[in-house]
Amino acid sequence: MAEINMRQPQQTQVMREVVLRFTGSVEKSELSEGLKVAGTFRRLRWLTAAGALFIALLGVRVDAEGGSVNIGLAAAAVVYATVFALIVPRRIVAYALRAQKAHEGADCVVDGMGIAAVLDGADIKRLGWDAMTRYHETPSLYVAVGRTGVKSWVMVLPKRLLSRSDAELLGAVLDSRLPCG
């Protein structure tokens, strides 16, 4: 009598081998530089200019006798531009610093599934390679950019936290997984 083997088919598992692990915190200047490199502030400036122009144009009226400007809407355009050009970028950096401080002491782990913040062996935040759209490199940073649903995010990875060889390894991993730029 023949023996029948009723094993379940082997399921493929995603590689979770750790490529790189490092600990440290991002400084305010590095965070600002990373957000700038990722284009966060550039898009904000364009939206600010377009919004202020739209508000100002709402207050312009041209007719046969000439034109007039609604001072209230012109003032609203100036306030709008001031708030979104000066205050909002500072709030974005402050918010990102608070989020980073909440994960103080966590390791940053780069593996086959993506980049994760790990504290006491448990993932606090994991961003998979499929959610990342591109990365940028500066002399002092690697900046990974991605999108999850409608939310955009930026992950700043300072090179100062890595040895020279580890920084090159991280660059090679990012380059093999994501488009630069």
Legend entry - Some residue of segment 99-109 being aliphatic (A, V, I, L, M), more than 24 Å from Leu169 (Cα to Cα) and either open to solvent by 70 Å² or more (accessible area, probe 1.4 Å) or free of Cβ contacts under 8 Å to residues at least 40 places away in the same chain (or both): yes
Legend entry - Residue among Val37, Val19, Val14, Val60 that is touching a Gly at 6+ places or on another chain (Cβ under 9 Å) and at pLDDT 85 or above: Val60
Inset, instruction - Go through segment 129-143 residue by residue and tally those that are open to solvent by 60 Å² or more (accessible area, probe 1.4 Å), assigned to a strand (DSSP E or B) and out of contact with any Gly (no Cβ under 7 Å at 6 or more places or on another chain). - result: 0
Legend entry - Unmet criterion (only one of (1) farther than 21 Å from Glu17 by Cα; (2) open to solvent by 60 Å² or more (accessible area, probe 1.4 Å); (3) among the basic types (Lys, Arg)) for Lys125: (1)
Legend entry - Conditions (1) at pLDDT 90 or above; (2) of a type in the set (Val, Ile, Thr); (3) in contact with a helix residue (DSSP H, G or I) (Cβ under 6 Å, 6 or more places away or on another chain): number failed by Thr133: (3)
Legend entry - Cβ-Cβ under 8 Å pairs, at least 6 apart or on other chains, segment 146-175 side surrounded by fewer than 20 Cβ atoms within 10 Å (Cβ to Cβ), far side acidic (Asp, Glu): Gly171/Glu137
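The values are calculated or read from the model by the stated rules, or taken from the named source; none is laboratory data. Quick caveat, the model's predicted, so the values are computed rather than measured. Methodologically, a virtual Cβ is constructed for each residue, glycine included, from the backbone with ideal geometry; neighbour enumeration extends over all protein chains shown. When the accessible area is computed, the model is the full protein with side chains, heavy atoms only, and any ligands, DNA or RNA have been set aside. Shrake-Rupley method; radii C 1.70, N 1.55, O 1.52, S 1.80 Å.
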